Amino acid sequence: MKRRQILQYAGLLPMLPLSSLSYTSSLEQDRSPFNMKFSPDFGLFADLAGDNPLDQIQWGYDHGFRAWESTMLKNRSTSEQEEISALMQKLGMEFGQFVGTLTFTETTFAGNNTELRQAVIEDVKASVDIAKRMNTRIIHNVLGLADKKLPYDFQMANAIELLKEISTIYEKHDLTMVMEPMNAKIDHPGMFLRTVPQAYSLAKAVGSPSVKVLCDIYHLQIEEGNLLPTIDHAWDEIQYFQMGDTPGRNEPLSGEINYKKVLQHIYDKGYRGFVGLEHRTSQPGKKGEEITLQAYRTIDPE
């Protein structure tokens, strides 16, 4: 997929207002490894690195990234996945999340539709092979729409039942599913999983090391706020972080979130896992990508 196709699929277009962060050429920037395991997706730095996914990974390594993620990896061919995995292992980089099952139009986990729920299980089984191919333990499964015809507690019971079935598949392979609360106010109205406390409750109810929470700080800020206390309350079930600033879902330092403080907080608590870079750039082209790279240097924990 081309950069624009990837961003459109993820809901990350069109472009939004420009960042006020001062511009510095990448040639002037520190290229040492980041302390935080920042994980770009394909397309984020395509203007600087080129469209070829292998070139993007090599560029990322050369500029301090030691991890990568790819939400829509399963849409790439097996041979492409193998090439990506081989290069990352050669460079000593770690691969983070990819999506195993995803829908923004169907009621899967919350509802009673047997056919839809079985399709989820088939996606989950297929994701095991992809995870092994990519040498990763993290699979991101999206819980689909809420069922407007069912009371909330029944929806929770349905989701718990399906999550338990998934956990029995992943546990056999030492894999972990992460589920992401998505804000309903701007980006994803109608989704079943909206808040971190809800995801935390689901993970606790399943009680498996193979079912955990993906905390996207962008969604958390919009839907709930109260960032640090919410993260602290859910800490033992959070397996993965993603980020983007708000308003705009652009790079850190372009909006209202104090990412320097948030990332230092989770780093001081001992988090050394992935932080997926799930956002746009606030300025177009190479300049916008340079600004984004500089922002990561500014917010990288010490």
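Table for the structure above
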quantity	calculated
Residue in segment 202-212 that is among the polar types (S, T, N, Q) and touching a residue at least 60 places away in the same chain (Cβ under 8 Å) present	no
Subset of segment 65-85 (residues that are within 17 Å of Gly276 (Cβ to Cβ) and out of contact with any Ser or Thr (no Cβ under 6 Å at 6 or more places or on another chain))	Phe65, Arg66, Ser70, Thr71, Met72, Leu73, Lys74, Ile84
Spans of helices (runs of 4 or more DSSP H) in segment 167-233 with at least 1 residues under 17 Å from Thr108 (Cα atoms) and at pLDDT 95 or above	196-206
Residues (farther than 30 Å from Tyr152 by Cα, free of Cβ contacts under 8 Å to residues at least 60 places away in the same chain and part of a loop (DSSP other than H, G, I, E, B)) located in segment 90-121	Gly92, Met93
Segment 242-300: number of residues that are in contact (Cβ under 8 Å) with a residue 60 or more places away in the chain, surrounded by 20 or more Cβ atoms within 10 Å (Cβ to Cβ) and among the hydroxyl-bearing types (Ser, Thr, Tyr)	5
Pair list, Cβ under 7 Å, 6 or more apart: segment 218-241 residue of a type in the set (Asp, Glu), other residue assigned to a helix (DSSP H, G or I)	Glu224/Val196; Glu224/Thr230; Glu237/Tyr200; Glu237/Ala203; Glu237/Lys204
Test for Gln221: is it more than 23 Å from Asn258 (Cα to Cα), of a type outside the set (A, V, I, L, M) and either surrounded by 15 or more Cβ atoms within 10 Å (Cβ to Cβ) or out of contact with any strand residue (DSSP E or B) (no Cβ under 8 Å at 6 or more places or on another chain) (or both)	no
Count of residues meeting criterion [outside any helix (DSSP H, G or I) and either of a type in the set (Ser, Thr, Tyr) or at positive phi (or both)] in segment 262-297	4
From the options Tyr218, Tyr200, Tyr259, Tyr240, residue that is closer than 17 Å to Phe65 by Cα and within 19 Å of the chain's Cα centre (by Cα)	Tyr240
Qualifying residues in segment 43-89 (those that are of a type in the set (Phe, Trp, Tyr) and assigned to a helix (DSSP H, G or I)) - the one nearest to Arg280 (Cα to Cα)	Trp59
Count - residues of segment 169-217 that are crowded, with 22+ Cβ neighbours inside 10 Å and touching a His at 6+ places or on another chain (Cβ under 7 Å)	5
Residue selected from segment 9-42 under the condition assigned to a helix (DSSP H, G or I) and surrounded by 14 or more Cβ atoms within 10 Å (Cβ to Cβ), by the criterion modelled with the highest pLDDT	Ser26
Residue identified as modelled with pLDDT of 95 or more, touching a strand residue (DSSP E or B) at 6+ places or on another chain (Cβ under 7 Å) and of a type outside the set (D, E, K, R) among Gly276, Gly270	Gly276
Residue list for segment 122-141, restricted to those being among the hydrophobic types (A, V, I, L, M, F, W, C) and either over 17 Å from Asn75 (Cα atoms) or not in a helix (DSSP H, G or I) (or both)	Ile138, Ile139
Lone qualifier among Ser70, Ser77 - being surrounded by fewer than 21 Cβ atoms within 10 Å (Cβ to Cβ) and modelled with pLDDT of 95 or more	Ser77
Candidates Ser39, Ser85, Ser70, filtered to the one that is touching a Leu at 6+ places or on another chain (Cβ under 8 Å) and polar (S, T, N, Q)	Ser39
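The values are calculated or read from the model by the stated rules, or taken from the named source; none is laboratory data. Just so it is clear, the model here is predicted, and its values are computed rather than measured. Reconstructed Cβ throughout: ideal geometry from the backbone, glycine too, with neighbour counts over all protein chains shown.
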